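The values are calculated or read from the model by the stated rules, or taken from the named source; none is laboratory data. Source: prediction; values computed, not measured. All Cβ positions, even for glycine, are placed from backbone atoms using ideal geometry, and neighbour counts span all protein chains on display. Calculation scope for accessible area: heavy atoms of the full protein, side chains included, ligands and nucleic acids excluded. Shrake-Rupley method; radii C 1.70, N 1.55, O 1.52, S 1.80 Å.
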Amino acid sequence: MATNPNQGGKKLVRSKSGLRMVAANSAFRSPFELEEPPWVPDSECSQCMSCKAKFDFVKRKHHCRRCGKCYCDKCCQHKVALPRLCFLDPVRLCYDCAVITQKENEFYDKQLKVLLHGAAFQLSCPDDMENLSEPCLCKLSADHRFLLFENAGHAKHSPVELEQVVAIQILTAGEDSQGNIVANGLSIKHKERESGEIRHLQLIISATTDNRRQSLAFVGAVQKGVKFMYEAKESRGL
Ligand SMILES: [Zn+2]
Ligand SMILES: [Zn+2]
């Protein structure tokens, strides 16, 4: 295991599956990250777990890096980028895992960028009957762990830890002239880590915002991100 101190709290690890760049302290890892699966032991597989071809000196075993199951070359030939398991290079995947991973990579290519870039919202705290009239930039922290709320570099609300989000809901404001439901924000319920108290925060897309499309994209990306976070928690048995 090598550690590169210049990687901003990350370390390079080499497992049998390949090189991965992971958080130096696992408590600070991305909430979207999945656990590396254990490999089905060679001794337990005499045939491909998909096409049932028998393994021998010619037909070799390959493990899918995502599910850890054992396949022949033909059934495990896809080399796909797998950022959710922090691999630096594309890795060998079985057919099913390749399909899932390619779909997920859209999140990394598009929605994660939207989250890191941020979008304008007005905040409302229904519990405190508090409306913060100043618009703020809501964005995901660089380590993916927090939603931050800033205005001109100043925090307008304490960060919300993504892993403590217990429920989200799209806020709507009636229908447009074509009868389509108009989304105008996102309701987030999250748990305070210390007190365990459930807090409620609303991100409202201001009617006067000049970039409504970006705010809507952000709302969709938060939904997807929260789904990824729940899946990742499940993969860690939480
Ligand atoms: Zn096969
Ligand atoms: Zn697989």
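The table for this structure:
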{"item": "Tally of residues being closer than 18 Å to Cys138 by Cβ, open to solvent by less than 70 Å² (accessible area, probe 1.4 Å) and outside any helix (DSSP H, G or I) across region 182-238", "result": "17"}
{"item": "Filtered residues of region 136-152 (kept if in a strand (DSSP E or B) and touching an Asp or Glu at 6+ places or on another chain (Cβ under 9 Å))", "result": "Cys136, Leu137, Cys138, Lys139, Phe146, Leu147, Asn151"}
{"item": "Which numbered condition Ser124 misses (of (1) part of a helix (DSSP H, G or I); (2) more than 14 Å from ligand 2 (Cβ to nearest atom); (3) over 17 Å from Gln223 (Cα atoms); (4) among the hydroxyl-bearing types (Ser, Thr, Tyr))", "result": "(1)"}
{"item": "Hits in region 145-170 (condition: in contact with a Leu (Cβ under 7 Å, 6 or more places away or on another chain) and open to solvent by less than 30 Å² (accessible area, probe 1.4 Å))", "result": "Leu147, Phe149, Val160, Leu162"}
{"item": "Single unsatisfied condition, Pro83 versus (1) within 16 Å of ligand 1 (Cβ to nearest atom); (2) under 25 Å from Glu234 (Cβ atoms)", "result": "(1)"}
{"item": "Selection count where residues are among the β-branched types (Val, Ile, Thr) and open to solvent by 40 Å² or more (accessible area, probe 1.4 Å), scope region 22-41", "result": "0"}
{"item": "Candidate set from region 42-78 (those that are among the charged types (D, E, K, R) and within 13 Å of ligand 2 (Cβ to nearest atom)); member that is surrounded by the most Cβ atoms within 10 Å (Cβ to Cβ)", "result": "Arg65"}
{"item": "Residue that is surrounded by the most Cβ atoms within 10 Å (Cβ to Cβ), among those in region 88-98 that are more than 10 Å from ligand 2 (Cβ to nearest atom) and of a type in the set (A, V, I, L, M)", "result": "Val91"}
{"item": "Number of the condition not met by Gln102 [criteria: (1) part of a helix (DSSP H, G or I); (2) away from ligand 1 (no atom under 16 Å from the Cβ); (3) more than 22 Å from Lys224 (Cβ to Cβ)]", "result": "(3)"}
{"item": "Per-region count, region 30-58, residues touching a helix residue (DSSP H, G or I) at 6+ places or on another chain (Cβ under 9 Å) and within 30 Å of Glu163 (Cα to Cα)", "result": "8"}
{"item": "Filter result (of a type in the set (D, E, K, R) and closer than 22 Å to Ser158 by Cα) within region 181-219", "result": "Lys189, Lys191, Glu192, Arg193, Glu194, Glu197, Arg199"}
{"item": "Out of Ser206, Ser235, sole residue that is within 20 Å of Ser124 (Cβ to Cβ) and touching a residue at least 40 places away in the same chain (Cβ under 8 Å)", "result": "Ser206"}
{"item": "Cross-chain or 6+ apart pairs with Cβ under 7 Å, region 20-49 first and assigned by TED's automatic domain parsing to the domain that holds Arg65 and in contact (Cβ under 8 Å) with a residue 60 or more places away in the chain, then part of a strand (DSSP E or B) and among the aromatic types (Phe, Trp, Tyr)", "result": "Arg20/Phe87"}
{"item": "Qualifying positions in region 85-97 - charged (D, E, K, R) and assigned to a loop (DSSP other than H, G, I, E, B)", "result": "Asp89"}
